[in-house]
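Undergrad: Following this message is one structure expressed as structure tokens.
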2 protein chains.
Amino acid sequence: MSITQLAKDLNLSKSTVSRALNDYPDVSFETRERVQKRAEEIGYIPNPVAQRLKQGKSNAVGVVLPPPLDNGAFIEPFYSTMLGSLVIELEKSGLQLLVTTQKTSASDDDVVSYRKMFQRGLVDALLILRTHSNDPRVEFALQHNFPFVTYGRTEKETKHTWVDVDHEQAIYSAVIRQVGRGHRQIAFISTKSRYNYAQLRTEGYVQALKDSGIPFYPRWLVESGLNIDDGYRTALKLLKTEPRPTSIVCTTDDIAIGTMTACREFGLVPGKDIAIMGYGNSAACEHTSPPLTSIEAFPKQLGEKIGKFFTERLDGNTSDALQHVQSTKIIERDSDPVLT
Amino acid sequence: MSITQLAKDLNLSKSTVSRALNDYPDVSFETRERVQKRAEEIGYIPNPVAQRLKQGKSNAVGVVLPPPLDNGAFIEPFYSTMLGSLVIELEKSGLQLLVTTQKTSASDDDVVSYRKMFQRGLVDALLILRTHSNDPRVEFALQHNFPFVTYGRTEKETKHTWVDVDHEQAIYSAVIRQVGRGHRQIAFISTKSRYNYAQLRTEGYVQALKDSGIPFYPRWLVESGLNIDDGYRTALKLLKTEPRPTSIVCTTDDIAIGTMTACREFGLVPGKDIAIMGYGNSAACEHTSPPLTSIEAFPKQLGEKIGKFFTERLDGNTSDALQHVQSTKIIERDSDPVLT
DNA sequence: TATTTCACCGGAACCGGTTTCGGTGATTGG
DNA sequence: CCAATCACCGAAACCGGTTCCGGTGAAATA
């Protein structure tokens, strides 16, 4: 059912019908009512594709997800809840979210998948996830003058609109907490350093040691993959170092869960013989044994913020770059006791 | 850069350029080469929106996700990996996945979100997740003759294309396993029965008891929400029944994790004093204590199958309904010991 | 009464492609 | 030598909307 047929049905022209449906002023009250009523009756809904073509707007925001994880998961829990609230926020402004993934083979800062999205028409703006310190995707978007929001800053902290967690502060406070509980042998399991957040967190770790007058041992700063098993294997190596750390701060809850099993293999009971902290405050934290102390980063609020930034930018508010850094909160549980 | 401009640049007509780019036979070799070379140079890519409008195809498949979970997650891990492999499979045929969510307020079989998708142009086909026994979305799609694939059967098992897990067999084999390990007091924590899979699993539970000559106690068949906490609370009630079950089969890993903590509160050590099984074989299973015996349902394969069904259907293969039921496998760990 | 204003509506252009149709000039066949 | 075929390309219609422009008749103004 096209607008042409509807117009014929009503003995009106396409243009009048269109104006009536879109509440233009120069159409009489009676015909407007008549058109809208009839449209309702026969369930007419304008073809969104035609609208997009004419208006040059798609009313959609695109995101290309990182390649599936090793475990085959489409998306990590953190992004899951962030995107969840993003979708809800976008919906308020009539925006949709178009999701794609990278090819499995591609590295996650590959530009090819973004190029397709850039083609005017498919999406009006892009969300770039998990920025690298030096991110070609950001360069690409800036260069093509395409509206975008990033989750995560870049090294240059270019003047674009971004949302990010206060990673440095998050890990800083975690380490300070460990110090306050009597630890001086504190390890940090990080991830690949090309991620900008990884660098920020590492800075937080180093800074906290410094401010506490604790020397920095490079052996206790290790990198791990993001899976539980990655964390497990990394922790196995870490626990072999001499002296052994008495507290391990993990950059992910999954990594923390993996290190807990690694500890048990070393005969160390987490929460008793060794302190462990996670990051993300995932649902599992409550139900590990012992329950895992973790850092809440409020992905829901982040998603809302991103959504608001999108609507602002797409409303033409490009005056200045919108930016937001989200502070975190330590959720205290039983996995990191006071050192005895 | 539109095709019109490209044509002007080449001193050719739009139509010739279009034909050259799409490898039509009635264009000379030289001009074809010239056009394609020039298009490459200036990075011309046809506007997908215009293509969609003309061709009436969007080359996209839509899915509307259930409303965000109570914990705010966009998507459950199972769907996460299923959609991950689906996207990869669709990509092979040049198809995209368009993701939307329900309004938070809506029930997850609400048709309104689907109605938007139905509008010709946005997507060529729909994926309907987690069917109810009596699903208005399926009725709606059939009624409007819109191509779709469901994950999950319906009560009527209408002749449409679907993919589903062999839920009945899955739980049947789980219960039989418990019987084989000496249990005769076996509970099953299910979910809301309007989900078709819930009914199938319950049938599997009941049938297994019957075939084992074990009487059915209604008290040991309980319903729970999908979260860890829901499982926890449900298990608390279940453990108060007299007599107390010696084995609990859970319809979800999360529920199983919740029941494990519930057991501990009753002074029961999971894997020792009581047997527990999960479903889904999520990453956490390896790292609970004890590691959780669970049922692998192969979401990756399901996603691939769904993708193949989509490409077949969109290639016009509507001859007969495509259907696939995925068998499962029990992954044995330490949470369900032999009864002593 | 003549002219301007106004409310209201239809015609047509347009978005950027694809595809049908028809028209060249060259080549082949009779 | 004329007609039929052929390769190749341009003009134009079309997809389904939106919006500019102009035109009508009635009402307001001079």
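Undergrad: If A:Gly213 passes every condition in (1) outside any helix (DSSP H, G or I); (2) under 29 Å from A:Glu157 (Cα atoms); (3) not hydroxyl-bearing (Ser, Thr, Tyr) but one, which one does it miss?
TA: Exception for A:Gly213: condition (2).
Undergrad: Can I ask one more? Please verify whether A:Asp253 is in the same structural domain as A:Asn227 (by TED's automatic domain parsing), within 17 Å of A:Ala187 (Cβ to Cβ) and without any contact (Cβ under 8 Å) to a residue 24 or more places away in the chain, treating the condition exactly as stated.
TA: No.
Undergrad: Kindly evaluate A:Val222 against the criterion of being more than 12 Å from chain B (Cβ to nearest Cβ) and in a helix (DSSP H, G or I).
TA: no
Undergrad: Here's a follow-up. Looking at the structure I just gave you, is B:Lys14 free of Cβ contacts under 8 Å to residues at least 12 places away in the same chain, more than 10 Å from DNA strand C (Cβ to nearest atom) and farther than 30 Å from B:Leu90 by Cα?
TA: Criteria not met by B:Lys14.
Undergrad: For segment A:322-336, name all the residues that are open to solvent by 30 Å² or more (accessible area, probe 1.4 Å) and closer than 27 Å to A:Ile248 by Cα.
TA: Listed by number, the residues that qualify are A:Val325, A:Ser327, A:Thr328, A:Lys329, A:Ile330, A:Ile331, A:Glu332, A:Arg333, A:Asp334.
Undergrad: Residue check, B:Thr241 against (1) in a loop (DSSP other than H, G, I, E, B); (2) within 14 Å of another protein chain (Cβ to nearest Cβ), all met but one. Which one?
TA: All conditions are met except number (2).
Undergrad: Sort through B:Thr241, B:Thr234 and tell me the only one that's farther than 20 Å from B:Arg181 by Cα and surrounded by fewer than 18 Cβ atoms within 10 Å (Cβ to Cβ).
TA: The match here is B:Thr241.
Undergrad: Related question: What are the residues in segment A:270-293 that are open to solvent by less than 10 Å² (accessible area, probe 1.4 Å) and more than 14 Å from chain B (Cβ to nearest Cβ), if any?
TA: Listed by number, the residues that qualify are A:Ile274, A:Ala275, A:Met277, A:Thr293.
Undergrad: Something else now. Read through the list (1) in contact (Cβ under 8 Å) with a residue 24 or more places away in the chain; (2) part of a loop (DSSP other than H, G, I, E, B); (3) under 27 Å from B:Leu97 (Cβ atoms), then give the number of the only condition that A:Ile45 fails.
TA: It fails just one condition, (1).
Undergrad: So, in segment A:113-167, exactly how many residues are of a type in the set (A, V, I, L, M, F, W, C) and either part of a loop (DSSP other than H, G, I, E, B) or within 14 Å of chain B (Cβ to nearest Cβ) (or both)?
TA: Residues meeting the conditions: 8.
Undergrad: Can you tell me which residues in segment A:17-60 are within 14 Å of chain B (Cβ to nearest Cβ), more than 12 Å from DNA strand C (Cβ to nearest atom) and not charged (D, E, K, R)?
TA: Residues satisfying the conditions are A:Ala39, A:Ile42, A:Gly43, A:Tyr44, A:Ile45, A:Pro46, A:Pro48, A:Ser58, A:Asn59, A:Ala60.
Undergrad: Okay, next question. Is segment B:92-103 home to any residue that is more than 11 Å from DNA strand C (Cβ to nearest atom), within 30 Å of A:Gly84 (Cα to Cα), touching a strand residue (DSSP E or B) at 6+ places or on another chain (Cβ under 6 Å) and touching a residue at least 60 places away in the same chain (Cβ under 8 Å)?
TA: Yes, segment B:92-103 contains a residue that is more than 11 Å from DNA strand C (Cβ to nearest atom), within 30 Å of A:Gly84 (Cα to Cα), touching a strand residue (DSSP E or B) at 6+ places or on another chain (Cβ under 6 Å) and touching a residue at least 60 places away in the same chain (Cβ under 8 Å).
Undergrad: Please give the number of the condition B:Lys92 fails out of (1) exposed (fewer than 15 other Cβ atoms within 10 Å of the Cβ); (2) within 16 Å of DNA strand D (Cβ to nearest atom); (3) within 13 Å of chain A (Cβ to nearest Cβ); (4) not acidic (Asp, Glu).
TA: (2)
Undergrad: Search segment B:4-55 for residues being under 26 Å from A:Asn47 (Cα atoms), surrounded by 18 or more Cβ atoms within 10 Å (Cβ to Cβ) and of a type in the set (A, V, I, L, M, F, W, C), and hand back the single one that is farthest from DNA strand D (Cβ to nearest atom).
TA: Ranking the candidates gives B:Val49 first.
Undergrad: Could you say whether any residue in segment B:301-321 is of a type in the set (A, V, I, L, M), in contact with a strand residue (DSSP E or B) (Cβ under 8 Å, 6 or more places away or on another chain) and open to solvent by 10 Å² or more (accessible area, probe 1.4 Å)?
TA: Yes: one or more hits.
Undergrad: Please work out if A:Ser80 is out of contact with any strand residue (DSSP E or B) (no Cβ under 7 Å at 6 or more places or on another chain), within 11 Å of chain B (Cβ to nearest Cβ) and either open to solvent by less than 30 Å² (accessible area, probe 1.4 Å) or assigned to a loop (DSSP other than H, G, I, E, B) (or both).
TA: Taking the combined requirement at face value, the residue satisfies it.
The values are calculated or read from the model by the stated rules, or taken from the named source; none is laboratory data. Values in this document were obtained by computation on a predicted structure and should not be read as measured data. Note that we place each Cβ from the backbone using ideal geometry, even for glycine, and neighbour counts take in every protein chain shown. The accessibility values were calculated without ligands, DNA or RNA, using every heavy atom of the protein model including side chains. Shrake-Rupley method; radii C 1.70, N 1.55, O 1.52, S 1.80 Å.
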